[in-house]
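The values are calculated or read from the model by the stated rules, or taken from the named source; none is laboratory data. Note that the structure is predicted; figures quoted are calculated from it, not measured. As a convention, Cβ positions derive from the backbone with ideal geometry for all residues, glycine included, and neighbour counts pool all protein chains shown. Please note that ligands, DNA and RNA were not included when accessible areas were found on the heavy atoms of the full protein model with its side chains. Shrake-Rupley method; radii C 1.70, N 1.55, O 1.52, S 1.80 Å.
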Amino acid sequence: MLRYLTSGESHGKSLISILDGIPANIELNIDEINAELKKRQGGYGRGGRMKIEQDKINILGGVRGKKTLGGPISIEIKNKDYENWIKYMNPIEDVDFETKKVNNVRPGHADLVGCLKYDFTDARNVLERSSARETASKVAVGAICKQVLKNFDIDFTSHVVQIGSVKDNNIYKFDYIKENVDKSEVRCVNKEVEEKIIKEIDKVKSEGDTLGGIVEIRVKNLIPGLGSYTQFDKKIDGELAMHLMSVQAIKGVEIGIGFDVANNPGSSVMDEIYYDVEDGIKRKTNRLGGIEGGMTTGEEVLIRCAMKPIPTLYKPLNSINVNTLESYSASIERSDNCAVPACSIVCENVVAFVICKYLLDKIGGDNLADLKTNYNSYVKRLGDRGWKK
Ligand SMILES: Cc1cc2nc3c(=O)[nH]c(=O)nc-3n(C[C@H](O)[C@H](O)[C@H](O)COP(=O)(O)O)c2cc1C
């Protein structure tokens, strides 16, 4: 079973993740993994922290000569900012607990409940771990999973479809998004909408406020049958939702037309099936986003995630001092003003982890050669039943 854990604080020495279950002999392209990390750091609306960090992975175990060994892979991403924080964050020496103490807890962040639950008088102990800095680890893990999936032509892209009240209502083909999205600093493939988004971010920023939005993730070249209808915890849509909802600030996940299923009659929701000798078994539409009965159908998987606005506001909201209980304005921690473009990279890589997990579950194999044999045999059997890749 593919699984991972992450560890590390936002201003700690390093972020560490352990990814267990990646088969042996997968060739890793470290530059591609680092390129993914770099994309997460970019995007219009990010704060000063991202100018300090230049995330790169350092692999500490599980890989030899760029090829996976089949054991757990340990990944380190150093926090450059630690140099400036060592006297507050050092885990093995006495530290200065006072200078960076956070009393005035921020609404919408984990600060208040974290202090109550873990019996802390300093919300720094909470925010260091609840911070979305952890998403760098998620991206590194997903980027390794993508390198497994590349062997089976499975490809990913993502883009921003809404920031604040500005929406891109157009439908794009996968390849168009993939070719154009990295040219946009807000990861929006429509130039007109991009300009409006940038204006909206500038306006809200000048008011000391923040923005959320919606990102779309697409996966292509899948095979049918990843996931299963036979048990609730085998359904791939359930697993995707769990992983995506646990990304910091994600408040909604839709598959296909999502909540719109409720506004339409069945004839406008289901994807009709046809067969032709050239295409094999196919669908006319993809409203259900490539998943039926908790399983991939082989059509593109299409997911949208809604991100709430960043909770740290430069025009702080009313809150309390968690120790004196007096009313105060919430603390201002150096912060992004809009992180929706970065969030699209995070969500894309989180989806890559889930797809990889379910592909490995379906076809099995301790090494790349066995995976390929099993994959080809499954695809051949599907071919005998009328499905074509
Ligand atoms: C890529 C990314 C960057 C984020 N940057 C910030 C930030 O700079 N400041 C902040 O207060 N919240 C930021 N957040 C959101 C918080 O981490 C998140 O709201 C908080 O951990 C509480 O979790 P919840 O929103 O899921 O309840 C970011 C989220 C993501 C996905």
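Quick notes
- Near the amide H of I320, within less than 5 Å, lie the amide hydrogens of V105, Y328, all on another chain or at least 5 residues away, with H placed in the peptide plane.
- Rolling a 1.4 Å probe over the protein chains gives R287 an accessible area of about 70 Å².
- The chain: calculated mean residue ellipticity at 222 nm from DSSP helix runs of at least 4, using -39500 (n - 2.57): -10000 deg cm²/dmol
- For the chain, the longest principal axis of the alpha carbon atoms and the long axis of helix 368-384 meet at an angle near 50°.
- Principal axes of the chain: Cα extent on each, largest first, Å: 71, 49, 39
- Looking at the chain alone, DSSP beta bridges between its own residues are antiparallel in about 95 percent of cases.
- Dipole magnitude (debye, nearest 20) for the chain, charges at Cβ of Lys, Arg, Asp, Glu: 400
- Sorting 354-361, 232-239 by their mean Cβ neighbour count within 10 Å, with the most densely packed peptide first, gives 354-361, 232-239.
- Shape of region 87-223, Cα gyration tensor, a/c cut at 1.5: oblate
- Normalised per residue, the accessible area of region 1-145 is 49 Å², obtained with a 1.4 Å probe and no contribution from ligands, DNA or RNA.
- Each residue of region 54-66 was assigned a 3J(HN,Hα) from its phi angle through the Karplus expression (A = 6.51, B = -1.76, C = 1.60, θ = phi - 60°), giving 10, 5, 9, 8, 10, 8, 9, x, x, 9, 9, x, 6 Hz with x at Gly and Pro.
- Loop-resident GluC sites (Glu not before Pro) (DSSP state other than H, G, I, E or B) in region 74-177 with no more than 16 further Cβ atoms inside 10 Å of their Cβ: E93, E98.
- In the chain, the longest principal axis of the Cα atoms and the axis of helix 191-206 are about 20 degrees apart.
- Members of K234/K308; K38/K191; K146/K191 lying beyond 26 Å, as alpha-carbon distances in this model show: K234/K308; K146/K191
- Only Cα pairs under 8 Å and 6+ residues apart enter the sum, and on that basis the relative contact order of the chain stands at 23 percent.
- Proximal lysines relative to K100, as straight alpha-carbon distance under 22 Å, when same-chain residues fewer than 8 apart are discounted: K13, K51, K78, K80, K87, K117, K315
- For region 175-246: rounded, prolate or oblate by the Cα gyration tensor [a/c cutoff 1.5]: oblate
- Free-standing Cys, the chain [no other Cys Cβ under 4.7 Å]: C115, C188, C305, C338, C343, C347
- In terms of its C-alpha gyration tensor, region 83-137 comes out oblate, because a/c is 1.5 or above while a/b does not outweigh b/c.
- The H on the amide N of G252, modeled in the peptide plane, is under 5 Å from the matching H of A306, each at least 5 residues off or on a different chain.
- Comparing G43, L116, V141 along the charge dipole axis of region 1-151, the residue lying farthest to the positive side is G43, per the Cβ-charge model.
- Neighbourhood charge, 13 Å Cβ-Cβ cut-off, centred on N367 and excluding it, Lys, Arg +1 and Asp, Glu -1: -1
- Hits among lysines - C-alpha to C-alpha of K380 under 16 Å, sequence gap 8 or more where chains match: K362, K372, K388, K389
- Extension gain (nm, one decimal) between S246 and T324, 0.36 nm per residue minus Cα-Cα: 24.9 nm
- Under the Karplus curve 6.51 cos²θ - 1.76 cosθ + 1.60, θ = phi - 60°, whole-Hz ³J(HN,Hα) for region 81-94, x wherever Gly or Pro sits: 5, 3, 3, 7, 10, 4, 6, 9, 10, 3, x, 10, 10, 5
- Cross-link partners of K150 among aspartates and glutamates, defined as those whose alpha carbon lies under 14 angstrom from its own and excluding same-chain residues fewer than eight positions apart: E27, E32.
- Placing unit charges on each Cβ (+1 for Lys and Arg, -1 for Asp and Glu) gives region 1-121 a dipole about its Cα centre, and among S10, T99, P23 the Cα reaching farthest toward its positive end belongs to P23.
- Across the accessible surface of the chain, with the other protein chains kept in place and a 1.4 Å probe, carbon and sulfur atoms take up 51 percent.
- In nm, spacing of pseudo-spin labels at D361 and E53 (7 Å Cα→C-beta vector): 3.0
- Accessible surface of E179 - all protein chains present, 1.4 Å probe, nearest 10 Å²: 130
- Inter-part distance where region 105-142 and region 77-91 are each reduced to a Cα centre, Å: 16
- Cα centroid separation - region 163-235 against region 328-360, whole Å: 12
- Between helix 340-363 and the chain: long-axis angle, C-alpha atoms, 0 to 90°, nearest 10: 40
- Exposure check, 1.4 Å probe, all protein chains in place: D155 carries approximately 50 Å² of accessible surface.
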